[in-house]
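Note sheet for the following structure.
The values are calculated or read from the model by the stated rules, or taken from the named source; none is laboratory data. Here the structure is a predicted model, which is why all the values come from computation and not from measurement. Glycine gets a Cβ as well: all are built from the backbone with ideal geometry, and neighbour counts include every protein chain shown. Side chains included, ligands, DNA and RNA excluded: accessible areas come from the protein's heavy atoms. Shrake-Rupley method; radii C 1.70, N 1.55, O 1.52, S 1.80 Å.
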Amino acid sequence: MRTLTLLVSLMCMALSVSAAKADRRVAFVVGNGTYKNVAQLPNPPIDAKAMAATLRNVGFEVIEGSNLSRDQMTEKLLDFGRKAQGSDVAVFYYAGHGIAVGGSNYLLPVDADIKSEMDVKLGAAINIDLTLDQTMGDAKVKLVFLDACRDNPFAAKIKSNSATRSVNVQSGLAEMKSGEGTLIAFATGPGQTALDGQEGNNSPFTRALIDNITKPGIEIQQAMTSVRAQVNEETHKGQLPWGHTNLIGAVYLNQAPTTQVANAAPTAAGSVPPAATAGSSDGVELEYWRSVKESNKPEELNAYLSAYPNGQFKALALARLAAIKSGPSTTTRNLNAGVDPATFTDDATQLTEDQIGLDKGQRRDVQRRLTGLGFDTKVSGAFNDDTRIVLKRWQAARGYPSSGYLNKLQHKALLSEIVATTPTASDDSAKPARRASAPAQSSAPAPHRSGGGDPGAAFVGGVVGGMMGGMFRR
């Protein structure tokens, strides 16, 4: 009887893991900064990119955009509304200019040109209350983060064109009340203005959100208390985030594995997220780094360094900044020592690559060398789109014309580089050895390719299978 009870318990655990994986999470993340008719804001696009990476890392499908016009924002919102319908957790994040007119709050697309209150009411700006109701209305849990409490850039125009009657135009955003299952968080209090932060970095509010809301095992309201404390301290009490919540249960964006088992039944609709994995905080940093590592914009790399001053990719970020500022870094110049100068100027095309006459084995050799140099690509012997992208990255890092194709000089330069692991020789005599060792090479990575499976479910399944097998053997 005890065995049967334990078996049923383990099966329930397995079902709870599956239920957590089925949790539907959708987020709208937009940062507007390159305004056409008012002062530009350098940081909102950087904030949005960082927030999108953070949310994706904990299982959100993200509808993301930067510097969107009115029509583009509408298109993104329609997409978000369709995908958020019936979702377990929906997140709305916006960074950029926002205004409060007549007690209502509005978000500003980059092409907004507002001269009067009528322009606002007739659609030049986006009404936040209406937008949230239409896009997130039936989501079980709704989280709203507004980093838009800057000075109203159109306040003077609106007031001057409303001389015949009173119009309430204020700095910052007006107070908002949250409905059931909703949390609304502003970068600062109603009617106050928030800091955009140092140019090229995240704003204080967004940085605090990234640091706290996806910490393993931290409930969202507890996280927001930490956000307020962090912003208050960072701004020397010059800015205090404000919010209103009507959540009806505990909500975790990254529930710790131990809590997952203890609270197998969700405490609120949509509150049980995918099980966290060890090192998930490192995962946020990794996702952030992936989003900026190919960037040619110093401000995006500086934003990573600001968020992770001692991060594991700090050296790479600094090297990338050096390359952007003054051409190839010292390391790259050392790699290119002795390379024919024409390698840096001669274009590479499909024709020049065909002229090299690479067979399948030599193409595999190229792919192995790229992987050994840190430019990971699948070793298949075929130069598909993924390999072309990796070739472009290698070319850009070396200062060669970046086309995704090779010419003879670039191929020679690649062969001259010392790789981290010795690649298989590309000459014809090595082919039999490669064929003979192929099964061993292909079998080893298999467990990693199946990493989409859930470790918790696999463990429980193994235990259940073992117990059932033991009972049948008896």
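Things to note:
- Checking each residue in the stretch 251-267 for being of a type in the set (A, V, I, L, M) and at pLDDT 90 or above picks out VAL251, LEU253.
- Within the stretch 132-144, residues that are within 19 Å of GLY243 (Cβ to Cβ) and touching a residue at least 12 places away in the same chain (Cβ under 8 Å) reach partners that are open to solvent by 30 Å² or more (accessible area, probe 1.4 Å) and polar (S, T, N, Q) with beta carbons closer than 8 Å, at six or more positions or on different chains, in the pairs ALA139/GLN85.
- Residue list for the stretch 36-56, filter: part of a loop (DSSP other than H, G, I, E, B) and either buried (at least 20 other Cβ atoms within 10 Å of the Cβ) or aliphatic (A, V, I, L, M) (or both): VAL38, ALA39, LEU41, ASN43
- Top-ranked residue of the stretch 347-403 - restricted to ones that are β-branched (Val, Ile, Thr) and within 29 Å of the chain's Cα centre (by Cα), ranked as farthest from GLU294 (Cα to Cα): VAL379
- Residue count for the stretch 384-399 under the criterion of being in contact (Cβ under 8 Å) with a residue 12 or more places away in the chain and assigned to a loop (DSSP other than H, G, I, E, B): the result is 1.
- Filtering the stretch 290-302 to residues that are open to solvent by less than 20 Å² (accessible area, probe 1.4 Å) and in a helix (DSSP H, G or I) leaves VAL292, LEU301.
- Extreme residue, nearest to LEU409 (Cα to Cα), among residues of the stretch 356-396 that are open to solvent by 30 Å² or more (accessible area, probe 1.4 Å) and aliphatic (A, V, I, L, M): ILE356
- Residue selected from the stretch 104-130 under the condition among the polar types (S, T, N, Q) and touching a residue at least 40 places away in the same chain (Cβ under 8 Å), by the criterion surrounded by the most Cβ atoms within 10 Å (Cβ to Cβ): ASN105
- Sole residue being over 13 Å from the mean Cα position of the chain (by Cα), closer than 25 Å to ALA139 by Cβ and crowded, with 18+ Cβ neighbours inside 10 Å, chosen from GLY33, GLY96, GLY65: GLY96
- Residues in the stretch 400-416 that are surrounded by 19 or more Cβ atoms within 10 Å (Cβ to Cβ) and not in a helix (DSSP H, G or I): TYR400, GLY404, TYR405, LEU406, ASN407.
- Flag for GLY59 being touching a residue at least 60 places away in the same chain (Cβ under 8 Å), crowded, with 23+ Cβ neighbours inside 10 Å and under 25 Å from LYS293 (Cα atoms): no
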